[in-house]
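Report on one structure; see the data block that follows.
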Amino acid sequence: MRSNGGDTEHIPVVLRLLAWLTILTSACVNQAASATVFPAEVTYSNRTEETEEAKACEIILDASNPPSAEAVKFVAFAGYNKYDGAVLAGFLMAAADLTANDKYRIVQISDAVFSSREFTSLGHLDYEAYEDGTVMAATQDPVVAATFVNAVFAGTYEVRFARSDSRGEMRTYKIASPPEEAVTNSFMRCLKLFADESSRTWRNINLRRLSEDDWNRAGR
């Protein structure tokens, strides 16, 4: 599910993105020639997303390496479906280039991967690509979700992707700094709140199903 916008049994779903931070020193500068990038600028922030269908807690990574025009946004999220309280966690990834008009142009990417010593998204998260060029990967397995979130907290990982304009060459951004304590604390507070809400939603649904089952049995 896609949004516009420590209880591992109910780790919270969903989102969007479009905001970029980097500096362009030359209008002719394109993405870095190297396939491996050690970004000079790495910032983390938080956001809470809510739609009619879902709620999500987010940790947002913005990475860039001036004077390259390329910027990467990686949004780790955890949330739940309002309809049935189901857990959903994963990431949304996008890349963009800063243009001569100081505006970002999102580029089409594919083969998005999160990889760390503890976790890799390949084989563990389900993928979906969108027309705007972004890629989302997510899971409804609480154990997998917890492992992924802990890997983000650890702060030593890679985000990889291929640009459609690079003939399939993989771009690897190596991240070596964890989110600040204020960011992780805010995320955990959000998770705790959403875990409680998810539990209530799940209990209410099961009570309603029980009531309907009792009614149907009584009418037989």
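The values are calculated or read from the model by the stated rules, or taken from the named source; none is laboratory data. All figures in this text were calculated on a predicted structure; none of them were measured in a lab. Virtual Cβ from ideal backbone geometry, glycine too; neighbours counted across all protein chains shown.
Checked across region 158-177, the condition of being in contact with a helix residue (DSSP H, G or I) (Cβ under 6 Å, 6 or more places away or on another chain) and closer than 17 Å to ILE59 by Cβ holds for no residue. When you look at GLY123, is it of a type outside the set (Lys, Arg), buried (at least 19 other Cβ atoms within 10 Å of the Cβ) and farther than 17 Å from SER166 by Cα, yes or no? So GLY123 does not fit the description; no. I want to confirm something. Restricting to region 166-190 and keeping residues that are surrounded by 14 or more Cβ atoms within 10 Å (Cβ to Cβ) and basic (Lys, Arg), which single residue is modelled with the highest pLDDT? Filtering first and then ranking leaves LYS174. I'm checking my understanding of the structure. Among residues of region 93-119 that are surrounded by 20 or more Cβ atoms within 10 Å (Cβ to Cβ) and over 24 Å from GLU49 (Cβ atoms), which one is modelled with the lowest pLDDT? Out of the qualifying residues, it is LEU98. In region 123-150, the residues that are farther than 12 Å from PHE91 by Cα reach residues that are among the charged types (D, E, K, R) and surrounded by fewer than 15 Cβ atoms within 10 Å (Cβ to Cβ) with C-beta atoms within less than 6 angstrom, at least six apart or across chains, in these pairs: PRO142/GLU9.
For region 105-149, a residue qualifies if it is closer than 16 Å to GLU58 by Cβ and part of a helix (DSSP H, G or I), and the qualifying residues are ALA145, PHE148, VAL149. Return yes or no: is TYR80 touching an Asp or Glu at 6+ places or on another chain (Cβ under 8 Å), buried (at least 24 other Cβ atoms within 10 Å of the Cβ) and of a type in the set (Ser, Thr, Tyr)? Spelling it out, TYR80 is indeed touching an Asp or Glu at 6+ places or on another chain (Cβ under 8 Å), buried (at least 24 other Cβ atoms within 10 Å of the Cβ) and of a type in the set (Ser, Thr, Tyr).
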